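Enquirer: Sharing a structure here in C-alpha cells format.
The values are calculated or read from the model by the stated rules, or taken from the named source; none is laboratory data. Predicted model, so just to flag it, every value in this text is computed and none were measured. Because the Cβ atoms are built from the backbone with ideal geometry, glycine has one as well, and the counts that use them run over all protein chains shown.
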Amino acid sequence: MPGFVKKLVGAAVFLVVLYAVSALVGREGLFGFGLGAYESEVLMLVGINVILAVSLNLINGFTGQFSIGHAGFMAIGAYSSAYFTVYHGQNLEQALGGGAFAHALVFTVAILIGAVVAGGMGLLVGIPSLRLRGDYLAIVTLGFAEIIRIVILNLDVVGGATGFSVNVTYPVTFFWVGLFAAITIIVVRNVVKSDTGRALISIREDELAAEAMGVNTTRYKVLSFVISSAFAGVAGVLFGHFKRFLATPDFTFIKSFEVIIMIVLGGMGSITGAVLGAVVITILPELLRQLPSVGGFNFADLRLVIYAALLIVIMLTRPQGVLGEREIGFNWLRRAQKAPEGDRQVGDDTGVPIAQRAGDAEEVEKR
Amino acid sequence: MDTFVQQLINGLTVGSIYALIALGYTMVYGILRLINFAHGDIYMLGAYAGYFIARWLGFAGEPSVAGLAVVLVGSMLAAALLGMAIERFAYRPVRKYARMTTLITAIGMSLLLENLSVVIFEGTPRAFPELLHNSTYRLFGNAAISKTQLLIFGVSIILMLLLQWIVYRTKVGTAMRAVSFNLNSAKLMGINTDAIIVFTFALGSALAAAGGVLTAQYNPTIYPLMGIITGLKAFVAAVLGGIGNIPGAVLGGLLIGAAETFVVGYGQLVGIPSTYRDAVAFAILILVLLFRPAGLLGTTVQEKV
C-alpha cells in the first residue's frame, strides 16, 4: 500500500474508533460498555490534559525553554472562544441556516478563534520574554500568565470575578477532544521530525552552538512558543465548553505546574511520555479518592498528600521521567528487540539530555 | 501628603515581609541555582509554629515583649529545622540530576507541605493571638504608624543586619559566598559544601518564619495556603532585585510592597482598579527584566563557550 493510502486508512479507522468511544461516553450501561458520568468527565479531562502536556512539551521538552505560563494561554483560548459562542454563536448559526452542520461549523470556528487568539498572545509574550534565559524566562512566563488571569478577572464582559457561564449548546463530545488530542500529537510530532524540530532540539542541546551554526534561535523559540500556546488555547476552548462555566481560579499557576509535572513525569522530550504523564496525573488523584476509610480515618482525605509524596518519590527514583526521551510506538516495539540503543542518540543511558547534564556541571564550574 | 506617607508606611511594612522571605529564595538560588518553591510554605509553617508556641506556652492571653521574643525565636528555630530536613531528604538526593528534576521536587515538596497542612491544621483560618498590645502613634496630619508596624520594621532591620554580618563578616558566611561563586572550587578548597548548603536553608527558613510571625501580627489570620501567593511575590521580589543578590532581595521586596499599596491607594485615580493589586508585582518584574535581564542589582554573567 502506498504511504498516503495507509495514512488515510489509519485516519479513517481512528475516526471510527473515536466516534464509537464517544458514543459510549456518558451512557452508562450501553451494551455493557458505556461509561458513567464521572468516568466520562475524567476521560474528557484526560484528553484535554493530553493536548496541554503534548503542546507544552514542544517548548519545555524539545526546545529546552522553561515556560510556566501554559495555564494563561489556556485561559485565553477558553475565554475568547466562550465570548464568541455566547455572544455571537447563535446568530452565526442562524445565518448559516442552522442544523447539525452549522452547529459543528460554529464550534470549529470557536476552536480556531481560541487557537488564533492564544497563539497571537503567545507571539506577543514570546517576542520580548524569549530573550531571557532559564529561570528568568520561567518567572516571566509565570508573570504573564498571572497578569492574563487577573485581567480576565477584571473583565466584566466575561463575568469578572463571578465567573462566566458558557450557556450554549455546544456539547463537547469525546469525539472533539480525542480528535484535537490526535491533531496536537500529529502536529507536534511532525514539527519535531522536521527541519524546524532539528533546530529546536539544537537550541535545547546548546543554544550558543546552535546560533553559531546559523540557527535563528529567537525565531525558532518564538515559533515553538506560538504553536504551543495555540494548542493550549484549543485545550482551553474544549475545557470551557465542556465545563460550561469558566472561573479564573482554574487557570492559576498551579494548573501550569500540573502540566509541567505531567511532562516531567512522562519524560521531557518524549511525546508519548507527555501523553502517559497526562493520563497518569489526571487519573491518579481520582483513583486515590477510592482509598478506604480505616478505623474512622478516611484515607481519601490524604489523597493530595499521597499525590505530592509520590511525585517526590518518582523524582528521587526516576529523575528522567518514566520514558526519558524514548517514544513508545510500533517502531519502538520492533526496535526494542533488535537494537535497544537505536533511539538514544541524544541522551545518555539514563535518558538525561547531554546538554542538560553537562551544561549544569559546566555552569557550576564557570561560576 | 499625609495619605502619601501613610501609604508609604503601609507599603514598606508589607515590603519588609516580602524582603524577609525573598532573602531565603535568593540565598538558596545563589548557592544551588534552585527555585525553592516550598519556601512560601515554610513561611506559612513558621506562622503556624508561632501560633502553637504562643498557645502552649500561654503567651496568647497576655501580650508581652518576652512572649513575642520567645515565639519569634521558637518559630524561627522550628522552621530552620524543617528547612534542613527538606534539604537533606528531598533536595540533596536529586541535586546531581537535571535542573528540571530538582525543580519538580521543589514543587512536589510545596504541594506536600500545603496538603499536609490542610489535613493537620484543617483548612479553616485561625486567629493568631496578639503578642504585643497594639497602639498607634500619630506622626503628623492623619499619618500614623502602629506599634506592629514599628515592630515589623525593627525586627526586619535587625534580622537583615544580622544576615549581612553573617554573610560578610563570619567564616561560615565567607564559605557561603565561596560556594555561591563556584561550588566545585569551594569543595576543592576544603569547604564542606553540604554543611554550607544546609546552613543556607536553615538561615533562609528562619527568616521566612520570622516573616510569618510578623505577618500574623499585622494581619492575624493564618491558613494553610497563605504561603502560595505571598511566596510567589517574594520570589518575584528576589528576581526583581537580581536573584542571588542579598541587597537586591531587600530592595525588590520593599519596591513590590510599596508598589502594591500604591496601586490599591491611588490606582483608581489613573483607572487601575484595586483588584489589579496582585498583578502589579508581575508587571513591574516583566518591565524591569526587559530592560535589565539580570534584575535591578544583578550582574549579567557572560556566557562562555
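Enquirer: Hey, any hits in the stretch A:141-161 for a residue that's modelled with pLDDT of 90 or more, more than 14 Å from chain B (Cβ to nearest Cβ) and under 15 Å from residue A:65 (Cβ atoms)?
Expert: No.
Enquirer: Search the stretch A:246-272 for residues being farther than 27 Å from residue B:282 by Cα and more than 14 Å from every other protein chain (Cβ to nearest Cβ), and hand back the single one that is surrounded by the most Cβ atoms within 10 Å (Cβ to Cβ).
Expert: A:271
Enquirer: Check residue B:97 against each of (1) surrounded by 18 or more Cβ atoms within 10 Å (Cβ to Cβ); (2) aromatic (Phe, Trp, Tyr); (3) assigned to a helix (DSSP H, G or I) and name the one condition it does not meet.
Expert: (3)
Enquirer: Condition first: within 13 Å of chain B (Cβ to nearest Cβ) and either buried (at least 24 other Cβ atoms within 10 Å of the Cβ) or outside any helix (DSSP H, G or I) (or both). Now tell me which residues in the stretch A:274-290 satisfy that.
Expert: A:277
Enquirer: Quick check: anything in the stretch A:301-310 touching a Leu at 6+ places or on another chain (Cβ under 8 Å), outside any helix (DSSP H, G or I), among the small types (Gly, Ala, Ser) and within 11 Å of chain B (Cβ to nearest Cβ)?
Expert: no
Enquirer: Residues that are without any contact (Cβ under 8 Å) to a residue 24 or more places away in the chain and among the hydrophobic types (A, V, I, L, M, F, W, C): does the stretch B:195-211 have at least one?
Expert: There is at least one residue in the stretch B:195-211 that is without any contact (Cβ under 8 Å) to a residue 24 or more places away in the chain and among the hydrophobic types (A, V, I, L, M, F, W, C).
Enquirer: Sticking with this one: Among (1) surrounded by fewer than 24 Cβ atoms within 10 Å (Cβ to Cβ); (2) away from chain A (no Cβ under 11 Å), there is one condition residue B:214 misses while meeting the rest; what is its number?
Expert: Going through the list (1) surrounded by fewer than 24 Cβ atoms within 10 Å (Cβ to Cβ); (2) away from chain A (no Cβ under 11 Å), residue B:214 breaks only (1).
Enquirer: If you don't mind, another one. Which condition number does residue A:68 fail, the rest of (1) among the hydrophobic types (A, V, I, L, M, F, W, C); (2) assigned to a loop (DSSP other than H, G, I, E, B); (3) modelled with pLDDT under 80 being met?
Expert: Against the list (1) among the hydrophobic types (A, V, I, L, M, F, W, C); (2) assigned to a loop (DSSP other than H, G, I, E, B); (3) modelled with pLDDT under 80, residue A:68 comes up short only on (3).
Enquirer: Could you list all residues from the stretch B:166-184 that are within 14 Å of another protein chain (Cβ to nearest Cβ) and part of a helix (DSSP H, G or I)?
Expert: Passing the criteria: B:176, B:177, B:178, B:179, B:180, B:181, B:183, B:184.
Enquirer: So which of B:86, B:152 is at pLDDT 90 or above, out of contact with any Lys or Arg (no Cβ under 8 Å at 6 or more places or on another chain) and away from every other protein chain (no Cβ under 14 Å)?
Expert: None of the others qualify; the one that does is B:152.
Enquirer: Sticking with this one: Tally time: how many residues in the stretch B:134-171 are over 27 Å from residue B:61 (Cα atoms), surrounded by 13 or more Cβ atoms within 10 Å (Cβ to Cβ) and over 21 Å from the mean Cα position of the chain (by Cα)?
Expert: So the count comes out to 2.
Enquirer: When the stretch B:77-122 is examined, which residues are found to be aromatic (Phe, Trp, Tyr) and touching a Pro at 6+ places or on another chain (Cβ under 9 Å)?
Expert: B:97, B:121 - these are the residues of the stretch B:77-122 that are aromatic (Phe, Trp, Tyr) and touching a Pro at 6+ places or on another chain (Cβ under 9 Å).
Enquirer: Would you mind listing the helices (runs of 4 or more DSSP H) fully within the stretch B:185-275 where at least 2 residues are farther than 30 Å from residue A:161 by Cα?
Expert: Of the helices (runs of 4 or more DSSP H) lying wholly inside the stretch B:185-275, those with at least 2 residues that are farther than 30 Å from residue A:161 by Cα span B:193-218, B:246-266.
Enquirer: Filter the stretch B:16-40 down to the residues that are more than 10 Å from the chain's Cα centre (by Cα) and in a helix (DSSP H, G or I) and list them by number.
Expert: B:27, B:28, B:29, B:30, B:31, B:32
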